[in-house]
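*Asks:* One structure coming up, written as structure tokens, with questions to follow.
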Amino acid sequence: MRDSSSDRWAGYERGSRWGSVLLLPVWAAAAVVVFVPFAFDTSPWDAVILRVPGNQGNWWHALAGAPFFLAFPMVWLRVRALAVERPLSALVRRVLLGIAMLSIAGTMAVETPFLLHLAGTSEWQRFVVLGFGFGIIVCSVAVLILRRRRIPAFSACVAGIETAYLANASLCLVVYSEATGSMWSRLGWFVSVVLVWPMGLELISILARSAGTSARVAGADSIVSRS
């Protein structure tokens, strides 16, 4: 008798190829954003190397800029899904999820000043930063842990990276929403506002499918046990 779980995983992996076709251009654009001015004529790359106007660069800027580099492993994941049919190895999964967890830890450190009222932002900015940042992290990580046996490796890696990326991107988009300067000096901000929507929709889709899969598997298990 054929294992239904194998069919389920195979279906997910076929879906990942279509998702890669649609999302590869999005993440390729996100990779370009790394080197494009995001605010005050400063790119995420500039922030990581502390090349900030007025020599004000510090650990906060470095940690806020680093998660934008998650676009590169995601582009690799997308290209691999289109070119290679083999599943991800355990080592690759651990590396990708480990990178995502380190990024999440960095984003939580970046959000600490907002939590302690030390960021110097308005109350609405503080509320949105904490709500989106911690909200995305808590909800996604909770589902990924609880449903870890029901989510295929590729989808788990995509969800982990998207969680880390979106938590940080939402923070940066809010913090720098009122930045001054020409459009070129904050082109990365405008591009990111567009990119986060398809990313967020895919993340929601993965988490929702995992919950639906768990419900169907539980129902099938109960039927088998009764029979």
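The values are calculated or read from the model by the stated rules, or taken from the named source; none is laboratory data. Here the structure is a predicted model, which means the values were calculated and not measured. Neighbour counts run over all protein chains shown; Cβ positions are idealised from the backbone, glycine included. Remember, those area values only see protein heavy atoms, side chains included, never the ligands or the DNA or RNA. Shrake-Rupley method; radii C 1.70, N 1.55, O 1.52, S 1.80 Å.
*Asks:* Can you confirm whether R147 is among the charged types (D, E, K, R), crowded, with 17+ Cβ neighbours inside 10 Å and touching a strand residue (DSSP E or B) at 6+ places or on another chain (Cβ under 8 Å)? Walk me through how you get there before you give the answer.
*Replies:* Working: among the charged types (D, E, K, R): yes; crowded, with 17+ Cβ neighbours inside 10 Å: yes; touching a strand residue (DSSP E or B) at 6+ places or on another chain (Cβ under 8 Å): no.
When the stated conditions are applied, R147 does not pass them.
*Asks:* Looking at the stretch 117-137 only, could you name the residues that are of a type in the set (V, I, T), open to solvent by 30 Å² or more (accessible area, probe 1.4 Å) and more than 18 Å from E162 (Cβ to Cβ)?
*Replies:* Step one: filter the stretch 117-137 for residues of a type in the set (V, I, T), giving 121, 128-129, 136-137.
Keeping just the survivors that are open to solvent by 30 Å² or more (accessible area, probe 1.4 Å) gives 121, 128, 136.
T121, V128 - these are the residues of the stretch 117-137 that are of a type in the set (V, I, T), open to solvent by 30 Å² or more (accessible area, probe 1.4 Å) and more than 18 Å from E162 (Cβ to Cβ).
*Asks:* Something else now. State whether the residues of the stretch 85-96 include one that is modelled with pLDDT of 90 or more, polar (S, T, N, Q), surrounded by fewer than 18 Cβ atoms within 10 Å (Cβ to Cβ) and out of contact with any Cys (no Cβ under 9 Å at 6 or more places or on another chain).
*Replies:* yes
*Asks:* Sticking with this structure for a sec: Of the numbered conditions (1) at pLDDT below 85; (2) open to solvent by less than 40 Å² (accessible area, probe 1.4 Å), A64 satisfies every one except a single condition; which is it?
*Replies:* (1)
*Asks:* Now a separate question. Quick check: is even one residue across the stretch 95-114 assigned to a loop (DSSP other than H, G, I, E, B), touching a Lys or Arg at 6+ places or on another chain (Cβ under 8 Å) and within 20 Å of A62 (Cα to Cα)?
*Replies:* Of all residues in the stretch 95-114, those assigned to a loop (DSSP other than H, G, I, E, B) come to none.
Within the stretch 95-114 (the criterion being assigned to a loop (DSSP other than H, G, I, E, B), touching a Lys or Arg at 6+ places or on another chain (Cβ under 8 Å) and within 20 Å of A62 (Cα to Cα)), the answer is no, since none of the residues qualifies.
*Asks:* Given L77, L130, which one is touching a residue at least 60 places away in the same chain (Cβ under 8 Å) and either in contact with a Gly (Cβ under 8 Å, 6 or more places away or on another chain) or in a helix (DSSP H, G or I) (or both)? Reasoning before the result, please.
*Replies:* On the way: L130 fails: touching a residue at least 60 places away in the same chain (Cβ under 8 Å).
Unique residue meeting the criteria: L77.
*Asks:* Of the residues in the stretch 183-219, how many are modelled with pLDDT under 85 and open to solvent by less than 50 Å² (accessible area, probe 1.4 Å)? Don't jump to the end; show me each part of the working.
*Replies:* Residues of the stretch 183-219 that are modelled with pLDDT under 85, as a first pass: 210-219.
Then drop every residue that is not open to solvent by less than 50 Å² (accessible area, probe 1.4 Å), which leaves 210-214, 217, 219.
Residues meeting the conditions: 7.
*Asks:* What pairs come out if I take residues in the stretch 167-188 that are closer than 15 Å to F68 by Cα and pair them with residues that are open to solvent by 50 Å² or more (accessible area, probe 1.4 Å) and among the hydrophobic types (A, V, I, L, M, F, W, C) whose C-beta lies under 6 Å away, six or more apart or interchain?
*Replies:* Correct list of pairs: S170/F132.
*Asks:* From (1) surrounded by 15 or more Cβ atoms within 10 Å (Cβ to Cβ); (2) at pLDDT 90 or above; (3) not aliphatic (A, V, I, L, M), pick out the condition that doesn't hold for R51.
*Replies:* Failed condition: (1).
*Asks:* Here's another thing I want to ask about it. Here are the criteria: (1) assigned to a helix (DSSP H, G or I); (2) in contact (Cβ under 8 Å) with a residue 60 or more places away in the chain; (3) not acidic (D, E). Tell me which single one L88 does not satisfy.
*Replies:* Just one mismatch for L88, condition (1).
*Asks:* Now a separate question. For the stretch 108-116, check the following and say yes or no: at least one residue is loosely packed, with under 11 Cβ neighbours inside 10 Å and free of Cβ contacts under 8 Å to residues at least 12 places away in the same chain.
*Replies:* Applying the first criterion (loosely packed, with under 11 Cβ neighbours inside 10 Å) to the stretch 108-116 yields 116.
From what is left, the residues that are free of Cβ contacts under 8 Å to residues at least 12 places away in the same chain are 116.
So far as the stretch 108-116 goes, yes, one or more of its residues are loosely packed, with under 11 Cβ neighbours inside 10 Å and free of Cβ contacts under 8 Å to residues at least 12 places away in the same chain.
*Asks:* Still on this model: Tell me the residue from S16, S43 that is of a type in the set (S, T, Y), farther than 20 Å from M108 by Cα and either at pLDDT below 85 or open to solvent by 30 Å² or more (accessible area, probe 1.4 Å) (or both), please. Let's see the steps before the verdict.
*Replies:* Numbers: S43 fails: either at pLDDT below 85 or open to solvent by 30 Å² or more (accessible area, probe 1.4 Å) (or both).
Answer to the check: S16.
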